[in-house]
Amino acid sequence: MLSPLEVLHSAITGTPVVRLDISLRGRAHGVLLKLESGNPTGSIKDRTAAGLLMALDRERPLTPGTVVVESTSGNLGLGLARLLAALGCRFIAVLDPGTPRATRQRLIATGAELHEVHEPDGYGGYLLTRLRAVDRLLADNPHYRWTDQYGNPANPRIHERTTGPEIAAQGGPGLDAVYIAVSTGGTLSGVAAHLHALDRGVRVVAVDAEGSLATGPATGPRLINGLGASRRSAFLPPGTYDRAYRVPDPEAVAVCRLFRADTGVALGGSSGSVVAACLRDLTAPGAPRRPLCLCADTGLTYADTVYDDGWLARHRLTAAVAEAAARLRGDGVRFHLEDPRP
C-alpha cells in the first residue's frame with residue numbers, strides 16, 4: 001500500500017511542450033506551449049494540490065476520514081478531490097456560480113462535497129465570499145483542515161521545485177520569455193523564483209484579467225474562470241515578475257476560439273489570455289525570440305462558457321468577441337501546431 005507522500009508525489013508527472021507557429025502581420029513566429037492539460041486531472045493545479053497536501057501531511061498526517069476544505073474556482077478542487085479520495089479523506093469544495101458545469105460534475109463523481117456561495121464579493125468576483133464561507137466552516141467544525149492555496153508557501157514552492165525546472169529544461173538555452181496566468185500567484189511566484197535564480201535573463205510575464213486586483217489597481221467584473229483575483233496576491237511582492245498584462249475577457253475568448261478553429265485544440269480560458277499577451281509582445285520592440293506560454297488547462301471544461309454562444313450572449317460578449325476576433329484576423333493571426341496533441 002502506498003504511503004500518503006507516495007500518492008501525492010504520483011500527481012506530479014511532468015507535462016509536454018509543443019511548438020506553435022503563429023502568423024502575425026506577415027511574419028512567422030515560433031512559440032512554445034507547455035500543456036499542463038497533461039496532468040492527471042487536466043490542469044496545473046494537480047501540482048498545487050500535491051504540494052499543499054504534502055505540507056498538510058507533514059504538519060499532521062492525513063489519515064482516512066480527515067476532512068479538508070478549500071475555496072476553489074474549479075481546477076484546484078479537482079486535483080484535491082482526486083488525491084484526497086485516494087487517501088480515504090473527505091473534501092469540501094467551496095465554489096461559486098462561475099464554476100463550469102463540467103467541473104462540478106467531475107467533482108461530484110470524485111466524491112467531493114460542494115458548498116456553493118452566491119453573493120458577489122463586490123470586487124468583480126466571489127473570492128472573498130468563498131473565503132468567508134471557509135472561515136465559517138472551520139469555525140463550526142474545528143477538526144476540518146484548510147489547505148489555504150492563497151497563503152500557504154507550499155503553493156509557490158511546488159512550482160519552484162517542479163514547474164520551473166521543467167520550463168528551463170524544455171525551453172533550452174534560448175528561452176527568453178515565459179508567460180504565466182495569475183490567480184493566487186503561486187505558480188508565477190514559484191516559476192519566477194527558479195528562472196531568476198538561473199540568471200539567464202529570462203523575462204517572466206504575469207498575465208492577469210482586466211478588472212483583477214492580483215496585479216492591478218482597479219477591480220471590475222471578470223468572467224474567465226481561474227484567472228485574476230479580488231485581492232492582491234500574497235505571493236507577488238515587487239520584483240517577482242518583469243512585467244504584467246491585463247487581458248480583457250473578449251480578447252481572451254477570441255484567442256481561444258481562433259486557436260481552436262485553426263488547430264482543432266481547445267485551450268482553457270486562462271491559456272487563451274496567456275497566448276493573447278504573447279501576441280502583444282511579438283510585435284513590440286525587443287520581441288522575444290523563443291517565448292514559452294504556460295497553458296494551465298484544457299478547454300474541455302469550458303464547453304459551456306468560453307466556447308458556448310449562449311454564454312457569450314447572456315454576458316453580452318457576442319459583439320465584443322466578434323470585434324476582437326476580426327481585429328486579430330485583420331492582423332493576419334493564424335495558428336499552426338507543429339505537434340497537435342491535445
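The values are calculated or read from the model by the stated rules, or taken from the named source; none is laboratory data. Predicted, not measured: the structure shown is a model, and the values here were computed from it. With ideal geometry, Cβ positions are generated from the backbone for all residues, glycine too; neighbour counts draw on all protein chains shown. All accessible areas refer to the heavy atoms of the entire protein, side chains included, with ligands and DNA or RNA removed. Shrake-Rupley method; radii C 1.70, N 1.55, O 1.52, S 1.80 Å.
If you go through region 245-285 and pick out every residue that is closer than 25 Å to Pro173 by Cβ, of a type in the set (Gly, Ala, Ser) and out of contact with any strand residue (DSSP E or B) (no Cβ under 9 Å at 6 or more places or on another chain), you end up with 1.
Matching residues to (1) at pLDDT below 95; (2) in contact with a strand residue (DSSP E or B) (Cβ under 6 Å, 6 or more places away or on another chain):
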position	(1), (2)
Gly42	yes, yes
Arg47	no, no
Gly65	no, no
Ala81	no, yes
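Of all residue pairs spaced 6 or more apart or on separate chains, those with beta-carbon atoms under 7 Å, a first member in region 8-36 that is farther than 26 Å from Glu160 by Cβ and open to solvent by less than 50 Å² (accessible area, probe 1.4 Å) and a second member that is among the acidic types (Asp, Glu) and outside any loop (DSSP other than H, G, I, E, B) are Gly30/Asp21.
Ser23 falls short on exactly one of the conditions (1) of a type in the set (Ser, Thr, Tyr); (2) within 22 Å of Ala181 (Cα to Cα); (3) at pLDDT 95 or above, and that condition is (2). Scanning region 307-342 for residues that are over 30 Å from His159 (Cα atoms) and part of a loop (DSSP other than H, G, I, E, B) yields a total of 7. Take the conditions (1) small (Gly, Ala, Ser); (2) modelled with pLDDT of 95 or more; (3) touching a Gly at 6+ places or on another chain (Cβ under 8 Å); Ser183 misses just one of them, which is (2).
Could you say whether any residue in region 243-258 is at pLDDT below 90 and farther than 22 Å from Arg334 by Cβ? No, there is no match, as no residue in region 243-258 is at pLDDT below 90 and farther than 22 Å from Arg334 by Cβ. Out of all the residues in region 202-213, is one or more surrounded by fewer than 18 Cβ atoms within 10 Å (Cβ to Cβ), assigned to a loop (DSSP other than H, G, I, E, B), of a type outside the set (A, V, I, L, M, F, W, C) and out of contact with any Cys (no Cβ under 6 Å at 6 or more places or on another chain)? Scanning region 202-213 turns up no residue that is surrounded by fewer than 18 Cβ atoms within 10 Å (Cβ to Cβ), assigned to a loop (DSSP other than H, G, I, E, B), of a type outside the set (A, V, I, L, M, F, W, C) and out of contact with any Cys (no Cβ under 6 Å at 6 or more places or on another chain).
The set of residues in region 177-201 being over 18 Å from Arg161 (Cβ atoms), outside any strand (DSSP E or B) and small (Gly, Ala, Ser) consists of Ser183, Gly201.
Take the conditions (1) touching a strand residue (DSSP E or B) at 6+ places or on another chain (Cβ under 7 Å); (2) touching a residue at least 60 places away in the same chain (Cβ under 8 Å); (3) in a loop (DSSP other than H, G, I, E, B); Asp304 misses just one of them, which is (1).
Considering region 316-340, the residues that are touching a helix residue (DSSP H, G or I) at 6+ places or on another chain (Cβ under 9 Å) and at pLDDT below 95 include one that is most open to solvent (accessible area, probe 1.4 Å), namely Pro340. When Arg246 is tested against the conditions (1) buried (at least 24 other Cβ atoms within 10 Å of the Cβ); (2) within 15 Å of the chain's Cα centre (by Cα); (3) not in a loop (DSSP other than H, G, I, E, B), the lone failure is (1). Note on region 113-127: among residues that are aliphatic (A, V, I, L, M) and open to solvent by less than 40 Å² (accessible area, probe 1.4 Å), the one that is nearest to Asn75 (Cα to Cα) is Leu127. The number of residues in region 167-193 that are of a type outside the set (Val, Ile, Thr) and crowded, with 20+ Cβ neighbours inside 10 Å comes to 13. You will find that of Arg161, Arg231, the residue that is surrounded by fewer than 17 Cβ atoms within 10 Å (Cβ to Cβ), touching a helix residue (DSSP H, G or I) at 6+ places or on another chain (Cβ under 9 Å) and modelled with pLDDT of 95 or more is Arg161 and no other.
Check Val255, Val274 and return the single one that is in contact with a Gly (Cβ under 6 Å, 6 or more places away or on another chain) and either among the aromatic types (Phe, Trp, Tyr) or in a helix (DSSP H, G or I) (or both). Unique residue meeting the criteria: Val255.
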